[in-house]
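See below for the structure under consideration.
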């Protein structure tokens, strides 16, 4: 539970900053009136709760067990690129106003955020347990 809470806190804080200052302006520039004025908090909460749970189960807990935060970073980045890329490439394939700039930015962000969050959660918990 501690690993989940650490990872979720790291993920949420960093993502909130990026969403506010980079992603929202980028998506608004391309999608305009299709963007909501504010996010649906229930849908956002569902994503964060489930995504971080999957990250901890598939990546962080095994890396913590083996004492390998580097593996958490690598495997987290792969999961992040896959998850965010699935959304972005599918949207690009079917949405009229989607852009390659959005695909590249969000897929890269998913890899970086997920890899870093997994690494940081494992690293912090290992230091707390030492």
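What follows draws every value from the coordinates through simple rules; no lab data is involved. The shown structure was predicted, so the numbers you read here are calculated from the model rather than taken from an experiment. Note: ideal-geometry Cβ built from the backbone for every residue, glycine included; neighbour counts use all protein chains shown.
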Practice problem: Any chance you could give the angle, 0 to 90 degrees and rounded to 10, that helix 2-18 forms with the longest Cα principal axis of the chain? | Solution: 30 degrees
Self-check item: Taking the chain and dividing mean pair separation by its residue count, relative contact order in percent (alpha carbons under 8 Å, at least six apart)
Solution: 38 percent
Practice problem: Would you please give the FRET efficiency between residue 9 and residue 74, computed as 1/(1 + (r/R0)^6) with r the Cβ-Cβ distance and R0 = 30 Å, to the nearest 0.05? | Solution: 0.85
Quiz item: In degrees between 0 and 90, to the nearest 10, how far off the longest principal axis of the chain does helix 100-129 point, with axes built from Cα atoms?
Solution: 20 degrees
Quiz item: Out of these labelled values of log10 I(q)/I(0) by the Debye sum over Cα atoms at q = 0.16, 0.20 Å⁻¹, [x] -0.82, -1.31; [y] -0.79, -1.12; [z] -0.96, -1.24, which was calculated from the coordinates shown here?
Solution: [y]
Quiz item: Peptides 2-8, 73-79, 22-28: what's the order by average Cβ count within 10 Å, highest mean first?
Solution: 73-79, 2-8, 22-28
Quiz prompt | Stretch gain in nm, segment residue 108-residue 43, where the contour uses 0.36 nm per residue and the Cα spacing is subtracted | solution = 21.2 nm
Quiz item: Is it possible to state the helix-based mean residue ellipticity at 222 nm for the chain, with each DSSP H run of 4+ residues giving -39500 (n - 2.57), the sum divided by total residues, to the nearest 500 deg cm²/dmol? What is it?
Solution: -26000 deg cm²/dmol
Quiz item: How far is helix 41-55 tilted, in degrees, relative to the longest principal axis of the Cα atoms in the chain, given as a value from 0 to 90 rounded to the nearest 10?
Solution: 40 degrees
Quiz item: In the Gaussian network model of the chain, springs joining C-alpha atoms below 10 Å, which of 113, 12, 41 carries the largest mean-square fluctuation?
Solution: 41
Practice problem: Based on other C-beta atoms within 10 Å, arrange 52, 112 from fewest to most. | Solution: 112, 52
